[in-house]
Amino acid sequence: MNWKKEIEYAKRELEEQLKQNPLLMQYKECTLCPRNCHSDRLAGKQGVCKESAILYGARAYLHQWEEPCLSGERGSGTIFFSGCSLGCSFCQNGNIASAKAGYPITIERLTEICLEQQERGAHNINLVTAGHYIPSVILAIKKAKGRGLTIPIVYNTSSYEKRETIQLLKGIVDIWLPDFKYMGEPMAREYAKASDYSKWAKEALAEMVRQANAPVFDEDGMMKRGVIVRHLVLPGGVEDSKNIIKYLYETYGDSIYISIMNQYTPMAYVKDHPLLGRKVTKQEYEEVVDYAIELGVENGFVQEEETAMESFIPEFDGNGIIKR
């Protein structure tokens, strides 16, 4: 495929859309995320997220490994975007987070992808790491809804987000699927160069809960509205994990669901790290889960031991993104 031509299409579309949608001016002197890099992404410059204003997607498919109330029997209509504002050193989707994989698409194409996912039978549209593309995503979702998109929109994020950016998504997102990665500054600083992570995550989460209100499920147990906060237990990170679970439960109680994950997979680029170079032990994971139970957490999800052996890393080959 002629990617230069596709990039030119995307550039021309942005120019046309700018005349009607001032929201896209958010890309100029970009401050969408807490990094506040002020890059002129409209002019083609990359932000800290490693992306300009042109949308890049890596894969769109029916994902069977989300929480049961999201994947159901038919799968969650996952759309992986390239680039990331947080950039954790151990990222299991490193190829797309570092913008080493992905394909240029127009806002119109993103609209089509959403509708195609619905046609495939997806229970929802699952936007993975879309924070640096929020202005374009909003336009695409609005267009898709105008053409018959009716399934819930899931916003799947690292939570390194600004409250005011999350506010832009009011009326767009139905289900919030944020991570809460770190509580302590040392870990956030070492692993993501973001010692302020928990500050921004707390503020963003508060806005998500405010918008979602109480969880809503249909007669088949599929979530239609609500918040599921994910926490990936890291090797040697039991105490930080406990602090996160404690904060979430004491702050939000049963108004949110907490998903405690054991699927950490050591990637080649951290194999020599004294902690990140190994998997989470059974004892570490069980200690965190037991702590959540002792606190009284009832609205939650845990993973079976064998899930840590599964590969949760899809092929970012443009499947479902490239129009064939």
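Projecting the alpha carbon convex hull of the stretch 117-223 along each direction and taking the average yields 7.5 nm². For the chain, with all protein chains in place and a probe radius of 1.4 Å, 49% of the accessible heavy-atom surface sits on carbon or sulfur.
Annotation for the stretch 226-299: trypsin sites (Lys or Arg not before Pro) lying in DSSP loop with at most 13 further Cβ atoms inside 10 Å of their Cβ are K271.
Report P(r) for the stretch 1-100: all Cα-Cα distances, bin width 5 Å, range 0 to the bin holding the largest distance, values in whole percent. Result, from short to long distances: 3, 12, 16, 18, 19, 14, 11, 6, 1 percent. Positive-end ranking of A130, S98, T111 along the dipole of the stretch 1-141, with charges on Cβ about the Cα centre, is headed by S98. Between the residues A212, F301, L168, the greatest Cα displacement towards the positive end of the dipole of the chain, with unit charges on the Cβ of Lys, Arg, Asp and Glu, is found for L168.
When you count the other C-beta atoms within 10 angstrom of each residue and take the mean per peptide, 206-219, 185-198 line up highest first as 185-198, 206-219.
Residues of the chain: accessible area per residue at 1.4 Å, in Å²?
44 Å²
Since only P266, Q20, F180 are under comparison, the one whose Cα sits farthest along the positive direction of the charge dipole of the chain, derived from C-beta charges on Lys, Arg, Asp and Glu, is Q20. Distance between the pseudo-spin-label points of E294 and C37 (7 Å out from Cα toward the beta carbon): 4.2 nm.
Tell me which chymotrypsin sites (Phe, Trp or Tyr not before Pro) from the stretch 33-71 have a DSSP coil assignment and no more than 15 other beta carbons within 10 Å of their own. Write out the running numbers ahead of the final one.
On the way: sites: Y56, Y61, W65; in loops: W65.
Nothing satisfies the criteria.
Volume per residue of the convex hull around the Cα atoms, evaluated for the chain, comes out as 127 Å³. Annotation: peptides 22-28, 127-133, ranked by per-residue average of other Cβ atoms within 10 Å with the highest first, follow the order 127-133, 22-28.
Here the stretch 103-164 is assigned +1 on the Cβ of each Lys and Arg and -1 on the Cβ of each Asp and Glu. Its dipole about the Cα centre then comes out at about 140 debye.
The angle separating the long axis of helix 107-119 from the principal Cα axis of greatest extent in the chain is about 60 degrees.
Give me the Å³ per residue figure for the convex hull around the C-alpha atoms of the stretch 88-129.
Enclosed volume per residue, from the Cα hull, is 94 Å³.
For the stretch 223-324, a simple Cβ point-charge model (Lys and Arg +1, Asp and Glu -1, everything else neutral) yields a dipole of about 620 debye relative to the Cα centre. Summing Cβ point charges (Lys, Arg +1; Asp, Glu -1) relative to the Cα centre of the chain gives a dipole of roughly 1580 debye.
The GluC sites (Glu not before Pro) of the stretch 4-97 that meet both conditions, a loop assignment by DSSP and at most 12 other Cβ atoms within 10 Å of the site Cβ, are E73. Rounded to the nearest 10 degrees, the inclination of helix 282-295 to the longest alpha-carbon principal axis of the chain is 90 degrees. For the chain, the mean residue ellipticity at 222 nm estimated from helices alone is -10500 deg cm²/dmol, where every DSSP H run of n ≥ 4 contributes -39500 (n - 2.57) and the total is divided by all residues, rounded to the nearest 500.
Here, the stretch 198-321 has an Rg and a Dmax of 16.2, 48 Å when only alpha carbons are counted. Here K323 is the anchor, and the lysines within straight C-alpha reach of less than 16 Å, apart from those fewer than 8 places off in the same chain, are K4, K5. Among the lysines of the stretch 53-202, pairs that are 8 or more positions apart or on different chains and have alpha carbons within less than 24 Å of each other number 18.
The values are calculated or read from the model by the stated rules, or taken from the named source; none is laboratory data. Just so it is clear, the structure is predicted and the values come from calculations on it, not from any experiment. Neighbour counts are summed over all protein chains in view; Cβ atoms, including those assigned to glycine, are modelled from backbone coordinates with ideal geometry. Keep in mind that these areas ignore ligands, DNA and RNA; they rest on the heavy atoms of the full protein, side chains included. Shrake-Rupley method; radii C 1.70, N 1.55, O 1.52, S 1.80 Å.
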